[in-house]
Amino acid sequence: MTVKLRFDRVTKQFGNRLVADDITLDIDAGEFFVILGPSGEGKSTLLRMVAGIEAPDAGRIFIDGKDVTYLPSNKRNIAMVFQNYALYPNMNVFRNIAFPLRMQYFPPEEIVSKVQDVAKKLGITEILDRRVNQISGGQQQRVALARAIVRNPTLFLLDEPLSNLDARVRFAARSELKKLQKDLGQTFLFVTHDQKEAEVLSDRTGVIHHGRFEQVGPFSDLYDRPATRWIGDFVGDVPMNYMPWQESGAQGALGFRPEWAEVTPDGDESATVQVAERVGDFSYLLCTMANGWRIYLRSLRSVDVGTEVHFKVNRHVFFKGGPDGDAGTDESGRPERHPPTN
Amino acid sequence: MIAGTMAATPLEPTPGARTSAPKYSANRFSLSNIGLYLVIGVLSLFFLFPIYLIFLIGFTSQQYTIFSARPPLIPPALTLINLQQALSGANSPFLPSMYLSLEVAFFVGGLALLIGIPTAYGLSRLGRRLAYGLTTVLFVVNMVPSITIAIPISVEFIKIGLYGSPISIGIAQELLALPVTVFLLVGAFQGLPPDLENQARVDGAGRFRALYGSLVPLIVPALVAAFLLSWMLSWDESTFALILYNPASSATLPVNIFLAFTGRGSPTIGVAFSCIATIPVIILTVFLQKYLKGEDLAAGVRG
């Protein structure tokens, strides 16, 4: 695998807010890499540094092995889809898609054929002569994508391109985006706060927190083997459950997902049901344990609030840390990194 | 004209509010409303009366106006004789004067955009406070009386051999027109979503093409407003035009009007010129109304 994009000790600060803290990361050619994180964690800033809209305070960015840290955007041969699509409002759909080609002085006949090809691929041939404010949100997103792929760049930057769509359209757009990336075979760097998008789209996901990648890997790793308790809480429908754990002097917490535990009468742990929520064909039970810890369990049968349920944990991860099982923090307030053990 | 726009936007209470909130009276002729209309009426009279006088003198025989001890407010008879004399007299300065005025006004309007667009773009990319501060500094020339800078400017123009040329008048008037243009355009640029320019850059446009290919087309209303304001400013301007004109060729319309009233030529010629000089301004003002309200103006004020 060749490295498409490399962050080399990239640091960026806005005022006294550190949005990128010494980030080093390689993204392979042809990879669909998702940067996942809560709002305001500097995800977009990373993307904008790759695009050349912001410059890092320190560190280097390489595309195809070439140092582009201070190269102007128009010299980088990348495509970017902004969250609001940034369609040129004074141009119709055709001219929007043709814009990158015109900037490269393609001959007019070639522009027409290229735009029509890409419009056909994205199913927007009928709206080519419409104004961009006369088309739906889903169509606008396709136009923005069409404009991005029309000149065959090898690196695509997408800044929450699905977040402005209705839930129903978003679902379809998500699968189409994945298919598009596989067809093109190009590198996609995709920013989102929606873990469902990361799960469905990504080859690898990097979770960013306090300006650092707290964990990078396939989404299933983030879910099954979170590196920190913060990841365990952030990834998943509900936060991870924890139980105090102690063994041969070491203290910490056992972490387990609701579906890793089984509600059964012969379970050796017990908890009292506080809230029961029906989700699809099972119920989430918010329970309190005898020591006051709150955990989520899953049950196929409905359970009354107030009853005591027994359960056993079939699978878990272990977090080292303070007496209450917290992973602990270092002096700068960042969570320490502990390798997960199974 | 701005006051007119604002007054034309009445506070229409909604039907629901009308019954529940008696604060907004349904009666259009309440005491406060009558007072409002009275003020508007007096103000309108105040501004329109001089224009009425100009047209009155322009289209009435001299025996009723200039040569009368008590000129009537309503013309006994209308005539075109004044205009005919002023425009088609053997050595009437009208045509060259009109031509010079147009030439200078278009020069000022065009140059204002040529310099104003890149200047305003640059300012709009600074922080809002810095941009606002620097734009204010540009108005320094507008803050001092024109006559105090007209003389030193004339000396400089004599040195470089431009004195008396239309370009010298235009450049001097540009000092007044450019700050207004920059002020308007900075607001317009700041009103655009910043990602639009970023998108153009990522799409392969250099800074110049991103500016003129994707941003400038979006602020056309502000460009029109800025051009027309500069054009009108030049059309009306008389101090620079008077100091810098070349007596051997011709002067702009306002200067000729001034000269007609102060010695050379007759007052009727001055009045006739005034009538004609007013017409494009009235037309442009009506046209400008469309651009001088709503977002365009708000963007200019936001700073």
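The values are calculated or read from the model by the stated rules, or taken from the named source; none is laboratory data. Every value quoted in this text rests on a predicted model; they were computed, and no experiment measured them. Here Cβ is always computed from backbone atoms with ideal geometry, including for glycine, and neighbour counts include all displayed protein chains.
Residue check: is A:G252 under 25 Å from A:D221 (Cα atoms) and modelled with pLDDT under 90? Outline the logic, then answer.
Working: under 25 Å from A:D221 (Cα atoms): yes; modelled with pLDDT under 90: yes.
Considered against the rule, which asks whether it is under 25 Å from A:D221 (Cα atoms) and modelled with pLDDT under 90, A:G252 comes out as yes.
Look at A:F94 and say whether it is touching a residue at least 12 places away in the same chain (Cβ under 8 Å), among the aromatic types (F, W, Y) and within 16 Å of A:P153 (Cα to Cα).
On the way: touching a residue at least 12 places away in the same chain (Cβ under 8 Å): yes; among the aromatic types (F, W, Y): yes; within 16 Å of A:P153 (Cα to Cα): no.
Taking the combined requirement at face value, the residue does not satisfy it.
Yes/no per residue for (1) assigned to a loop (DSSP other than H, G, I, E, B); (2) surrounded by 13 or more Cβ atoms within 10 Å (Cβ to Cβ):
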| residue | (1), (2) |
| --- | --- |
| B:Y64 | yes, yes |
| B:L73 | yes, no |
| B:P96 | no, yes |
| B:V108 | no, yes |
Residue hits (segment B:21-43; closer than 27 Å to B:T278 by Cα and modelled with pLDDT under 85) are none
Where A:L165 falls short, out of the listed (1) in contact with a helix residue (DSSP H, G or I) (Cβ under 6 Å, 6 or more places away or on another chain); (2) over 26 Å from A:T192 (Cα atoms): (2)
Log entry, pairs with first residue in segment B:181-210 being free of Cβ contacts under 8 Å to residues at least 24 places away in the same chain and facing another protein chain (nearest Cβ under 7 Å), second being part of a helix (DSSP H, G or I) and aliphatic (A, V, I, L, M), beta carbons closer than 6 Å, six or more apart or on different chains, reads B:R201/B:A210; B:V202/A:A51; B:D203/A:M103; B:G204/A:M103; B:A205/A:M103
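Of all residues in segment B:75-94, which are assigned to a helix (DSSP H, G or I) and free of Cβ contacts under 8 Å to residues at least 24 places away in the same chain? Lay out the reasoning, then the answer.
Residues of segment B:75-94 assigned to a helix (DSSP H, G or I): B:81-88, B:94.
Within segment B:75-94, B:I81, B:Q84, B:S88 meet the criteria.
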Read through the list (1) surrounded by fewer than 20 Cβ atoms within 10 Å (Cβ to Cβ); (2) in a loop (DSSP other than H, G, I, E, B); (3) within 14 Å of chain A (Cβ to nearest Cβ), then give the number of the only condition that B:L126 fails. (3)
Count - residues of segment B:275-300 that are at pLDDT below 80 and either surrounded by 15 or more Cβ atoms within 10 Å (Cβ to Cβ) or not assigned by TED's automatic domain parsing to the domain that holds B:G109 (or both): 8
Residue hits (segment A:32-57; hydrophobic (A, V, I, L, M, F, W, C) and either buried (at least 16 other Cβ atoms within 10 Å of the Cβ) or at pLDDT 95 or above (or both)) are A:F32, A:F33, A:V34, A:I35, A:L36, A:L46, A:L47, A:M49, A:V50, A:A51, A:I53
Which one is nearest to the other protein chains (Cβ to nearest Cβ), of the residues in segment B:211-223 that are surrounded by 20 or more Cβ atoms within 10 Å (Cβ to Cβ) and without any contact (Cβ under 8 Å) to a residue 40 or more places away in the chain? B:S214
Output for segment A:190-227, where each listed residue is of a type in the set (S, T, N, Q), in contact (Cβ under 8 Å) with a residue 24 or more places away in the chain and either not in a loop (DSSP other than H, G, I, E, B) or not assigned by TED's automatic domain parsing to the domain that holds A:I35 (or both): A:T192, A:Q195, A:T205
Against the condition at pLDDT below 95, among the hydrophobic types (A, V, I, L, M, F, W, C), assigned to a helix (DSSP H, G or I) and under 21 Å from B:F273 (Cα atoms), how does B:L134 come out, does it pass? no
Look at segment B:143-170 and say how many of its residues are farther than 20 Å from B:S101 by Cα and outside any helix (DSSP H, G or I). 4
Quick check on B:L111: is it without any contact (Cβ under 8 Å) to a residue 40 or more places away in the chain and either more than 21 Å from the chain's Cα centre (by Cα) or assigned by TED's automatic domain parsing to the domain that holds B:W235 (or both)? no
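May I ask you to verify whether B:A226 is more than 14 Å from chain A (Cβ to nearest Cβ) and either closer than 30 Å to B:L162 by Cα or in a helix (DSSP H, G or I) (or both)? First the steps, then the outcome.
Numbers: more than 14 Å from chain A (Cβ to nearest Cβ): yes; either closer than 30 Å to B:L162 by Cα or in a helix (DSSP H, G or I) (or both): yes.
Taking the combined requirement at face value, the residue satisfies it.
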Could we say that A:N84 is touching a residue at least 24 places away in the same chain (Cβ under 8 Å), polar (S, T, N, Q), within 14 Å of another protein chain (Cβ to nearest Cβ) and buried (at least 21 other Cβ atoms within 10 Å of the Cβ) here? no
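With away from chain B (no Cβ under 13 Å), among the basic types (K, R) and surrounded by fewer than 17 Cβ atoms within 10 Å (Cβ to Cβ) as the only criterion, which of A:K66, A:K75 stands out?
On the way: A:K75 fails: away from chain B (no Cβ under 13 Å).
Residue meeting the stated conditions: A:K66.
Give the residue, chosen from B:F46, B:F106, B:F59, that is closer than 28 Å to B:A177 by Cβ, modelled with pLDDT of 80 or more and not assigned by TED's automatic domain parsing to the domain that holds B:T252. Reasoning before the result, please.
Working: B:F106 fails: not assigned by TED's automatic domain parsing to the domain that holds B:T252; B:F59 fails: closer than 28 Å to B:A177 by Cβ.
Of B:F46, B:F106, B:F59, the one residue that is closer than 28 Å to B:A177 by Cβ, modelled with pLDDT of 80 or more and not assigned by TED's automatic domain parsing to the domain that holds B:T252 is B:F46.
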Just to check your reading of the model, which residue among B:I115, B:I151, B:I158, B:I167 is of a type in the set (V, I, T), surrounded by fewer than 20 Cβ atoms within 10 Å (Cβ to Cβ) and within 23 Å of B:P217 (Cβ to Cβ)? B:I115
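Regarding A:T11, is this residue part of a strand (DSSP E or B) and either of a type in the set (S, T, Y) or crowded, with 23+ Cβ neighbours inside 10 Å (or both)?
Numbers: part of a strand (DSSP E or B): yes; either of a type in the set (S, T, Y) or crowded, with 23+ Cβ neighbours inside 10 Å (or both): yes.
So A:T11 passes the test.
Is one or more of the residues making up segment A:159-180 assigned to a helix (DSSP H, G or I), under 29 Å from A:N16 (Cβ atoms) and more than 15 Å from the chain's Cα centre (by Cα)?
Just the residues of segment A:159-180 that are assigned to a helix (DSSP H, G or I), to begin with: A:167-180.
If we keep only those that are under 29 Å from A:N16 (Cβ atoms) as well, we get none.
Within segment A:159-180, none of the residues are assigned to a helix (DSSP H, G or I), under 29 Å from A:N16 (Cβ atoms) and more than 15 Å from the chain's Cα centre (by Cα).
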